[in-house]
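Step one of this worksheet: look at the structure below.
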Amino acid sequence: MHDLLTKTMDLKSGNQENKPLEILEYFQKTWAIDEKLYTQLKTDAVFYHRGDPLRHVLLFYFGHTAVFFINKLFLSKIIETRINPEFESIFAIGVDEMSWDDLNEQNYRWPCVDAVYDYRLKAKQIIENVILHTPMNLPISWNDPFWIILMGIEHERIHLETSSVLIRQLPLNEVVSGKFGNVCTEVGLAPQNEFLPVSSASLHLGKSIDNPLYGWDNEYGNYTETVEDFKMSKFLVSNGEFLDFVNDKGYKNKLYWTEEGWNWCTYKQAIMPLFWLKNGENYKLRLVAEEISMPWNWPVEVNYLEAKAFCNWKTAKESKTFRLPTEAEWMQLTKVCNVPDVLEWEIAPANINLEHFASPCPVDKFRNGDFFDVIGNVWQWTETPITGYAGFKVHPMYDDFSTPTFDGKHNLIKGGSWISTGNEAIRDARYAFRRHFYQHAGFRMVASEIPLVIHYDEYETDVEIANSCETNWGDAFTSNPNFSKLLANVAIKTMKVKKNVKVLDLNAKTGRLAFELAQHFNKVTALDSSARFIRLPIQLQEKGFIRYIVKDENELVFYRDLVLTDIGLNNGKDNILFMQADANNLKPIYSNYDLIIVPNLLEELICPILFLKEIHLRMNENGILIIASSYDWEHHQVKREHWPGGFKKDGEPVSSFDGIHSILKQEFILIELPYDLPIYFRKSARISELRLSEISIWQKK
């Protein structure tokens, strides 16, 4: 496997002519090592098994990394055609157990493994062609086409690790060992851990935009925190050290667990870490594709909840305060230990990047300053829930990489593991998982009597999202008429307030229309293509409030706290199912609707004509279709050949409505003459943009 190893790339320097070939090599090695990971599956049948009940079958992830490339290249207009729209829908979304993920197996008809291999081959050829024929400009920056290529590469390297965790959870008789690197053979008793001092510092966190390494959006921005003196454990907590907690019946004592942790522990009936196996008095450790006698001197691998319980147990036993480090404390540890970053390596200074082992190794093997395993071996859980640094901006081509995790339920892991490659292996990497999830992750401890303070900003600061909140919900604070409320009234009047109507809102944004509809209809599905938007109404549905910041004037802002009960929309919230989906490439499950509303969506679609030709397939007989649109095709850069109207044909003007009518009349009857509703897009306290959205109402024949 050594010939497949490489490091993430310097995107700022080098030879402009040779850089595409360097990227091509990085891509090809990434692709090859990803496929090599799946050679550990014993038969093709195993591709259809789930390693974790909260994740998709393994075939999904095998297809997902290729589909991700094609979807992002298509979205960014680097390529103009898809390979297989069906694959590019079913393999599109499914990383975290988000409430807008679809994990119902009845909604999937998984293809055969050979078909996915064939798709991957076609995708690989397209990607290689893009790399070789796209004009190269150095440095490669956020808006460069090659940034999208690197996005796909680094995304595939993430799944190299996350998929290995899923394979690790399969039954042993479904995998084959010896196919993916060499497992460490150094085992022994656990070393005695101790706590060493780490000095205080004022830390500036956040990468600058001119950093030479590829970064995910959450790595950028500015944040300053003062870290007081503290003591950190010299080693990662080992299996041997954690055994004391197990033997002391730590999994049976509620006192050591957070409320969330105890709920998880009792639900799972956990008695020891997931990858531990016990036969009589003998313990074994499950690796990715084999079992070995328990290596007590290797790091224990647990979720955050178990790590926190161990710290609380140790606090109770020793009458000192132990906890996990914060993100800032971990960063200070790297500085104190002078841990080099990726571009400074000749050979990895830790068990990382697959350079040493295809498994963990002893916690006292790789020294970094006075400590061991500051990076590598296994990830390290922190006390810090992930959020964006000040100035955080979402990359428009991957708007759901970070934002779904900004919910206070995902804690940062730092340092990387033995299989962390690419961006995962850099010092500034910021990855987070739900606290009950397993990765190749363990922990080290902090000893400090200083009270723990977690900084978490719950106010939405993304300008586009905040302005959408104000457009949708701002009538709670201003006097402008609300478009979503007006449109909902149109739907209610048209349907004559029939409760058992199945409704589809095809452009949910921040959710106002769906909440209005749910007061009158029992089944409302609200879709949006962007996780950035849809996570806000989900929070509103689950927590009953959202907070966001909008511009007042110049440098002044308003802090908005919107409470659902205050505006009388709380009662029907459970009637809504919010999901992330592409309206131009919907899954078959989104069908059999009595009412479909298309609110200012047509002008945002890649191909509104195709959408109009197919929308009847989603509806029941006599179903109602309500379209609202400003027909602003040029503003949203819809290609001219995809406009329904708004042009001259044979010397005569064809309005957008005329074009829509000519398409829909095959399947629909126009039941009311079109009319306009106003919609105000807020930009600041004194500046709003008024648009008129034409409303047309259709009944399926």
Within region 670-701, the residues that are outside any strand (DSSP E or B) and closer than 26 Å to Leu556 by Cα are Ala685, Arg686
Given (1) in contact with a strand residue (DSSP E or B) (Cβ under 6 Å, 6 or more places away or on another chain); (2) modelled with pLDDT of 95 or more, Thr471 misses just (2)
Counting only residues in region 32-58 that are among the aliphatic types (A, V, I, L, M) and under 19 Å from the mean Cα position of the chain (by Cα), the one modelled with the highest pLDDT is identified as Leu58
Flagged in region 507-533 as in a strand (DSSP E or B) and among the polar types (S, T, N, Q), in numbering order, are Thr525
Counting only residues in region 384-403 that are crowded, with 22+ Cβ neighbours inside 10 Å and not in a loop (DSSP other than H, G, I, E, B), the one nearest to the chain's Cα centre (by Cα) is identified as Thr403
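Here is a yes/no grid of residues against (1) of a type in the set (Ser, Thr, Tyr); (2) in contact (Cβ under 8 Å) with a residue 12 or more places away in the chain; (3) crowded, with 19+ Cβ neighbours inside 10 Å; (4) out of contact with any Lys or Arg (no Cβ under 8 Å at 6 or more places or on another chain):
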{"position": "Leu4", "(1), (2), (3), (4)": "no, yes, no, no"}
{"position": "Gly14", "(1), (2), (3), (4)": "no, yes, no, yes"}
{"position": "Lys36", "(1), (2), (3), (4)": "no, yes, no, no"}
{"position": "Lys42", "(1), (2), (3), (4)": "no, yes, no, yes"}
{"position": "Val46", "(1), (2), (3), (4)": "no, yes, yes, yes"}
{"position": "Phe60", "(1), (2), (3), (4)": "no, yes, yes, yes"}
{"position": "Gly63", "(1), (2), (3), (4)": "no, yes, yes, no"}
{"position": "Lys77", "(1), (2), (3), (4)": "no, no, no, yes"}
{"position": "Pro85", "(1), (2), (3), (4)": "no, yes, no, yes"}
Counting only residues that are touching a Gly at 6+ places or on another chain (Cβ under 9 Å) and either under 18 Å from Met579 (Cβ atoms) or not assigned by TED's automatic domain parsing to the domain that holds Thr224 (or both), region 385-407 contains a total of 1
- Any hit, region 619-640, residues being assigned to a helix (DSSP H, G or I) and at pLDDT below 95: yes
* Asked: Taking the condition in a loop (DSSP other than H, G, I, E, B), farther than 30 Å from Ala685 by Cβ and either charged (D, E, K, R) or modelled with pLDDT of 90 or more (or both), does Asp594 pass?
  -> no
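Residue-by-condition table, conditions (1) free of Cβ contacts under 8 Å to residues at least 24 places away in the same chain; (2) surrounded by fewer than 17 Cβ atoms within 10 Å (Cβ to Cβ); (3) in the same structural domain as Arg691 (by TED's automatic domain parsing); (4) more than 23 Å from Leu513 (Cα to Cα):
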site	(1), (2), (3), (4)
Ile589	no, yes, yes, no
Glu603	no, no, yes, no
Leu610	no, yes, yes, yes
Glu621	no, yes, yes, yes
Tyr631	no, no, yes, no
His635	no, yes, yes, yes
TODO: Can you confirm whether region 313-323 contains a residue that is surrounded by fewer than 22 Cβ atoms within 10 Å (Cβ to Cβ), among the polar types (S, T, N, Q), in contact (Cβ under 8 Å) with a residue 12 or more places away in the chain and more than 21 Å from Arg430 (Cβ to Cβ)?
DONE: yes
Of those in region 131-156 that are among the β-branched types (Val, Ile, Thr) and in a helix (DSSP H, G or I), the residue farthest from the chain's Cα centre (by Cα) is Ile131
Going through region 648-669 in order, the residues found to be under 40 Å from the mean Cα position of the chain (by Cα) and in a strand (DSSP E or B) are Phe668
- Message: When you check Asn211 against the structure, is it part of a helix (DSSP H, G or I) and assigned by TED's automatic domain parsing to the domain that holds Thr421, yes or no?
- Response: no
- request: Check whether at least one residue in region 539-562 is more than 28 Å from Phe392 (Cα to Cα), touching a helix residue (DSSP H, G or I) at 6+ places or on another chain (Cβ under 7 Å) and free of Cβ contacts under 8 Å to residues at least 60 places away in the same chain, and report yes or no.
  value: no
Scanning region 408-423 for residues that are charged (D, E, K, R) and either touching a Phe, Trp or Tyr at 6+ places or on another chain (Cβ under 7 Å) or not assigned by TED's automatic domain parsing to the domain that holds Pro360 (or both) gives Lys414
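The values are calculated or read from the model by the stated rules, or taken from the named source; none is laboratory data. Being a predicted model, the structure only gives us computed values, none of them experimental. Virtual Cβ from ideal backbone geometry, glycine too; neighbours counted across all protein chains shown.
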